[in-house]
Amino acid sequence: MHFTSEQLLDGGVLEREFSIEGIPGILWTPSSAPAPLILMGHPGNLGKMRHRLRGRAIQSGTAGLASVSIELPGGGDRPSIPELEQARADLHNAIEEGRPVGEIVDRLVVPLIEKAVPEWQTTLDAVLELPEICGPVALSGGPIGIGIRLARVEPRLVAAGLFAGSYVPHAMVEEAREVTIPLHVLLQWDDEGNDRQLAFDLFDAFGSSEKTLQANLGGHTGIPAFAGEDAARFFARHLN
């Protein structure tokens, strides 16, 4: 794990860029150490998402929690993956034309999950070796398909906050039945890119005995500030 830069942010949170096995990422650690850890997912392009992720990391840092995020395969400055680019273009075209998207979603999301989840586990292995990180570990953000797989296969996760705002292969609904950790799921009611009924079916399928679905009016980017505050309380409850 090679750190390439560092910057001290508000609240004494230290932001450090790093690279591990060709995977770029950012680690945020609070002044109090050692600290529990949140894996912060995003839809791709870490550079464009940095400002938003930094805000979440500072909020978590004030609660004594560290955060880490990595670039998705094919995202940002990482080498493009032609089959995923084609599937993404096909998905946009199908949505605009009102055609079924199930097969296209499988072509896009399943390979991304297969590539991204092992990279998240490699990152987690490295970060947990740092003296300033102690665990436990939670997951925050998406894409939700990656979150489902990580929550199912990674025993070090004790809780997850997921955003029902991306397309999910129907096969993942069955996989969700094996997820048993506490969940906080956020749904934007008017999300133009989300199948609301599929989001309901997915939430119903989760095998967790503690799971909360928070639905708010608004589109994909209209998440109210208090929703983030509710998620922060969820993580504080399970990580502190």
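Output the residues belonging to region 15-39 that are of a type in the set (A, V, I, L, M) and surrounded by 18 or more Cβ atoms within 10 Å (Cβ to Cβ).
Taking region 15-39 first, the residues of a type in the set (A, V, I, L, M) are 20, 23, 26-27, 33, 35, 37-39.
Selection gives 23, 26, 27, 35, 37, 38, 39.
Looking only at residues that are of a type in the set (A, V, I, L, M) and surrounded by fewer than 19 Cβ atoms within 10 Å (Cβ to Cβ) in region 70-90, which one is nearest to residue 3 (Cα to Cα)?
81
Which one of these is crowded, with 23+ Cβ neighbours inside 10 Å, free of Cβ contacts under 8 Å to residues at least 40 places away in the same chain, under 22 Å from residue 215 (Cβ atoms) and of a type outside the set (Asp, Glu): 141, 145?
145
If you go through region 92-106 one residue at a time, do you hit one that is crowded, with 21+ Cβ neighbours inside 10 Å and modelled with pLDDT under 90?
Within region 92-106 (the criterion being crowded, with 21+ Cβ neighbours inside 10 Å and modelled with pLDDT under 90), the answer is yes, since at least one residue qualifies.
For region 57-107, what are the residues that are touching a Lys or Arg at 6+ places or on another chain (Cβ under 6 Å) and part of a helix (DSSP H, G or I)?
If the condition is that a residue be touching a Lys or Arg at 6+ places or on another chain (Cβ under 6 Å) and part of a helix (DSSP H, G or I), then 87 is the only one that fits.
Answer yes or no as to whether residue 136 is in contact with a Pro (Cβ under 7 Å, 6 or more places away or on another chain) and either at pLDDT below 90 or surrounded by fewer than 20 Cβ atoms within 10 Å (Cβ to Cβ) (or both). Before the answer, list the steps.
Numbers: in contact with a Pro (Cβ under 7 Å, 6 or more places away or on another chain): yes; either at pLDDT below 90 or surrounded by fewer than 20 Cβ atoms within 10 Å (Cβ to Cβ) (or both): yes.
Judged against the criteria, residue 136 is a match.
Which one is surrounded by the most Cβ atoms within 10 Å (Cβ to Cβ), of the residues in region 202-237 that are among the hydrophobic types (A, V, I, L, M, F, W, C) and assigned to a loop (DSSP other than H, G, I, E, B)?
The extreme case among them is 206.
The values are calculated or read from the model by the stated rules, or taken from the named source; none is laboratory data. Note that this is a predicted model, so its numbers are computed, not measured. Cβ coordinates were reconstructed from backbone atoms using ideal geometry, including for glycine residues, and neighbour counts include every protein chain displayed.
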